[in-house]
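*Asks:* First, the structure itself, so that you have it in front of you.
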Amino acid sequence: PSSLFSILGSTIPSSSIYFINLIIVKTFTAVPIEMLRIWPLIQILTLKLGLDKKKCTWRELRTGAFKDPRVMYGWIYPSLMMVLMIVITYACISPLLTPIGALYYGMAYYMYKYQLLYVYINDYQSGGYMWYAVFTRSMIALICASVTLVCYLGYRREYNYGPFYFILPLPIIIFIFKNHCENKFHNSSMSLSLESAVELDRKTYKKRMNGYPADASFKPKLFRQPSLAEGPLRP
């Protein structure tokens, strides 16, 4: 532990080449493979070689490898957060890594935008709930990056003491900003705002004044499975 200061300051800059190569590989290999969806294509082609569609039910043709792909947030978010952590850690130590990270996010943006519009389906809507975890982890990564930068400048302080002392309070400032955002916005954003509630009451009041019953828009079977909501059927 006593050597942690010098270890971070001396070894972190020497690893920048590795992380540059890592992001380049992810940009020009992982993103195109994700766009091409090679493994699902191999699965579908393999099944079609030995599958007779005439003997299969509709359910068999819509499940398994033929099922509409889901958005794998548990796989996508960690990959994006890892690149973000690398970029903000080396933004000042190795600035060449920053435009490479921007290129990765640019290609990932268009790739995932296309996949979400035309390929993937959403089984659920979180209503932005994942943003809380993303913000917290982004701030933690930023604090760690600033601590690394402080160690790097402290290791090289024999040349100039100014940058080290100037950047020393940065991790504390980021931590205070993180707590401020969580205390001010987290609790209030978890519930309906008063302005939205007033607007909903105003619309309901207008409907009642125009002769609509209070429960005109209420549909008790809206979220029920269609096959269970149907009436008696004749054979």
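The values are calculated or read from the model by the stated rules, or taken from the named source; none is laboratory data. Bear in mind that the values here come from a model prediction, so they are computed numbers and not experimental data. In this analysis, Cβ positions are derived from the backbone assuming ideal geometry, glycine residues included, and neighbour counts consider all displayed protein chains. Side chains included, ligands, DNA and RNA excluded: accessible areas come from the protein's heavy atoms. Shrake-Rupley method; radii C 1.70, N 1.55, O 1.52, S 1.80 Å.
*Asks:* Using a 1.4 angstrom probe, figure out how much accessible area the chain has per residue, in square angstrom, rounded to the nearest whole.
*Replies:* 76 Å²
*Asks:* Among Leu61, Ile86, Ser10, pick out the residue whose Cα is farthest towards the positive end of the charge dipole of the chain, where Lys and Arg carry +1 and Asp and Glu carry -1 on C-beta, about the Cα centre.
*Replies:* The Cα lying farthest towards the positive end belongs to Leu61.
*Asks:* A further question on this structure: Output the 0 to 90 degree angle, nearest 10, between the alpha-carbon long axis of helix 16-25 and the longest principal axis computed from the alpha carbons of the chain.
*Replies:* Computed tilt is about 20 degrees.
*Asks:* Helix 73-90 versus the longest principal axis of the chain: what angle, 0 to 90°, nearest 10, using Cα atoms?
*Replies:* Helix 73-90 and the main axis of the chain meet at about 20 degrees.
*Asks:* So, with a 1.4 angstrom probe, what is the percent of accessible area on the chain that is carbon and sulfur?
*Replies:* 65 percent
*Asks:* Cβ neighbours within 10 Å, averaged per peptide: list 121-130, 40-49, 166-175 in order, most packed at the top.
*Replies:* Put in order of decreasing packing, that is 166-175, 40-49, 121-130.
*Asks:* Taking Cα Rg over 2.2 N^0.38 Å straight from the coordinates, which label in [x] 0.95; [y] 1.66; [z] 1.52 is the correct one?
*Replies:* For Cα Rg over 2.2 N^0.38 Å, the calculated option is [z].
*Asks:* Where nothing but the Cβ of Lys and Arg (+1) and of Asp and Glu (-1) is charged, how large is the charge dipole of segment 35-108 around its Cα centre, in debye to the nearest 20?
*Replies:* About 540 debye.
*Asks:* Next question. Given the DSSP H assignment, sum -39500 (n - 2.57) over each helix run of at least 4 residues in the chain and divide by its residue total; what's the result at 222 nm in deg cm²/dmol, nearest 500?
*Replies:* That comes out to -19000 deg cm²/dmol.
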